[in-house]
1. When segment 198-214 is examined, which residues are found to be under 25 Å from the mean Cα position of the chain (by Cα) and surrounded by fewer than 20 Cβ atoms within 10 Å (Cβ to Cβ)?
2. Taking residue 400 as the residue in question, decide whether it is in contact with a Phe, Trp or Tyr (Cβ under 8 Å, 6 or more places away or on another chain), buried (at least 22 other Cβ atoms within 10 Å of the Cβ) and either without any contact (Cβ under 8 Å) to a residue 12 or more places away in the chain or in a helix (DSSP H, G or I) (or both).
3. Out of 366, 302, 295, report the one residue that is in contact with a His (Cβ under 8 Å, 6 or more places away or on another chain), more than 23 Å from residue 10 (Cβ to Cβ) and not acidic (Asp, Glu).
4. Working only within segment 256-272, note down all residues that are touching a Ser or Thr at 6+ places or on another chain (Cβ under 9 Å) and outside any loop (DSSP other than H, G, I, E, B).
5. When the residues of segment 300-315 are narrowed to those that are within 21 Å of residue 337 (Cβ to Cβ) and touching a Leu at 6+ places or on another chain (Cβ under 7 Å), which ends up surrounded by the fewest Cβ atoms within 10 Å (Cβ to Cβ)?
6. When the residues of segment 246-282 are filtered to those that are modelled with pLDDT under 95 and among the aliphatic types (A, V, I, L, M), which remaining residue is nearest to residue 381 (Cα to Cα)?
7. Take the residues of segment 107-129 that are more than 21 Å from residue 189 (Cβ to Cβ) and in contact with a helix residue (DSSP H, G or I) (Cβ under 6 Å, 6 or more places away or on another chain): which is modelled with the highest pLDDT?
Amino acid sequence: MRNILILALGSRGDVQPYITLGHALRQAGHAVRVATFALFESRVRKAGLDFLPIHGDAEGLLRAASQQGMLAGAGMFKTIRALGRSYGSLAASLPADLAGSKLHGTDLVLNQLPCNLFGWDIAEYLGVPHAMVSVIPLARSRHRPLMGFPTGLRVFPGYNRFTFYLGEQIGWQMFRASVNLWRKQAGLASQALFGAFERMEKARTPIVNGFSERVIPRPADWGTHIHSTGWWMPEDLDPDLQDGVWNPPDDLLRFLQSGSPPVFVGFGSMPVPHPEQTTTLVIQAIQSTGQRAILHTGWAGLGGTLPETIHPIDYAPYRWLFPRMSALVHHGGSGTTGYALSSGTPSFVVPFGFDQGEWGSRGAALGVGPKPLPFKALKAGQLAQRIHDAVNNPAYPQAAAALANLLRAEKGVLRAARIIEQLT
């Protein structure tokens, strides 16, 4: 048995996969502790894992980033600045939250924090191995840029790898003082100006990715220390979460049984600048197509007075819900994309920023639905056209069903747990 520490911060979609991974490792006989926001304590403990609190409000931080220009089609650097002003506020409290005395007994560190913040440092302090875990491709490559940066550019040799260096340094410089304060308190020398990235690459620090190579093909220059396992879904671990066990609310069940399969529309943890206007736009698009719809209210704050043909929900397991839909419209987060592509239902993405556009482009390239419609360009007519195409093009359900069969067979979280157990 090993004592494993998982560092994971962000929205629910950022954190839930690592709780699932922790659950898989616990089932394999290990003791697992997750360091994350208090918002997710009940989820961590429900999975049978120990909880180490990190100060911060996940929803509030993301909403602050939205208000400061992250969403609604902001450019890459404006988005990064907005994230820096919001999530950067964690820098002051993280050294105390991750004090060395709280970490004693740890045998292995798994780190989701961007730029591997604190992972290398904690492992060095404890003298234990560590690995990066991620649900988007963060390993450097000359064959593709970091997600969120333009693809296909040849502005100068080495552009693709440069985007990874740039992303690393943006995150590192934001938290460098915080990490070095932690290292000082732990009795370690400060990290160099540009961090430990070259040391990690030379050491071939393991990276375990929670997505499928069928969706994000493996770059030829990734080493054998980089693994892509498939998505990490709790349904692959817990029979009680399978399709037939969840009991839907009566109003949802009545709505599903009262007509043709509806379209799902939801933006997950993404707050939108003007939720009432966005709700009106979605209503107009749905009504013009003659479809029924499920509207996921989420952190976007959608909802209010809706026509009878549109039913609001706050929660339903995606593994249960998505196969019952005629089409899926979502924000393109990695986890939601995994469920959408594994459902066999046609889908397309309304991306807000960062990695979401590429997940949408990959779905379109794989033939499971129309091309993405960025949130900044969201208009009722364009949304209606995409929905009509997703529901009526017979090629989409065929491609979606074929891909879903392959993805659901991967059992990515079980593969990831086996790989991690082999780390020394």
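1. Initially, segment 198-214 is screened for residues under 25 Å from the mean Cα position of the chain (by Cα), giving 200-201, 204-214.
Listed by number, the residues that qualify are 200, 201, 204, 213, 214.
2. Details: in contact with a Phe, Trp or Tyr (Cβ under 8 Å, 6 or more places away or on another chain): no; buried (at least 22 other Cβ atoms within 10 Å of the Cβ): yes; either without any contact (Cβ under 8 Å) to a residue 12 or more places away in the chain or in a helix (DSSP H, G or I) (or both): yes.
No; evaluated as a whole, the condition is false for this residue.
3. Values: 366 fails: in contact with a His (Cβ under 8 Å, 6 or more places away or on another chain); 302 fails: more than 23 Å from residue 10 (Cβ to Cβ).
Among 366, 302, 295, only 295 is in contact with a His (Cβ under 8 Å, 6 or more places away or on another chain), more than 23 Å from residue 10 (Cβ to Cβ) and not acidic (Asp, Glu).
4. As a first pass, look at segment 256-272 and keep what is touching a Ser or Thr at 6+ places or on another chain (Cβ under 9 Å): 259-264, 266-272.
Listed by number, the residues that qualify are 263, 264, 266.
5. 313
6. 272
7. The qualifying residue modelled with the highest pLDDT is 112.
Residues are listed down the side, and each one gets a yes or a no for (1) closer than 22 Å to residue 229 by Cβ; (2) over 23 Å from the mean Cα position of the chain (by Cα); (3) in a loop (DSSP other than H, G, I, E, B); (4) in the same structural domain as residue 184 (by TED's automatic domain parsing):
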position: 95; (1), (2), (3), (4): no, yes, no, yes
position: 101; (1), (2), (3), (4): no, yes, no, yes
position: 121; (1), (2), (3), (4): no, yes, no, yes
position: 137; (1), (2), (3), (4): yes, no, yes, yes
position: 140; (1), (2), (3), (4): yes, no, yes, yes
position: 144; (1), (2), (3), (4): yes, no, yes, yes
position: 150; (1), (2), (3), (4): no, no, yes, yes
position: 153; (1), (2), (3), (4): no, yes, yes, yes
position: 167; (1), (2), (3), (4): no, no, no, yes
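The values are calculated or read from the model by the stated rules, or taken from the named source; none is laboratory data. Note that the structure is predicted; figures quoted are calculated from it, not measured. Backbone-built Cβ (ideal geometry, glycine too); neighbour counts: all protein chains shown.
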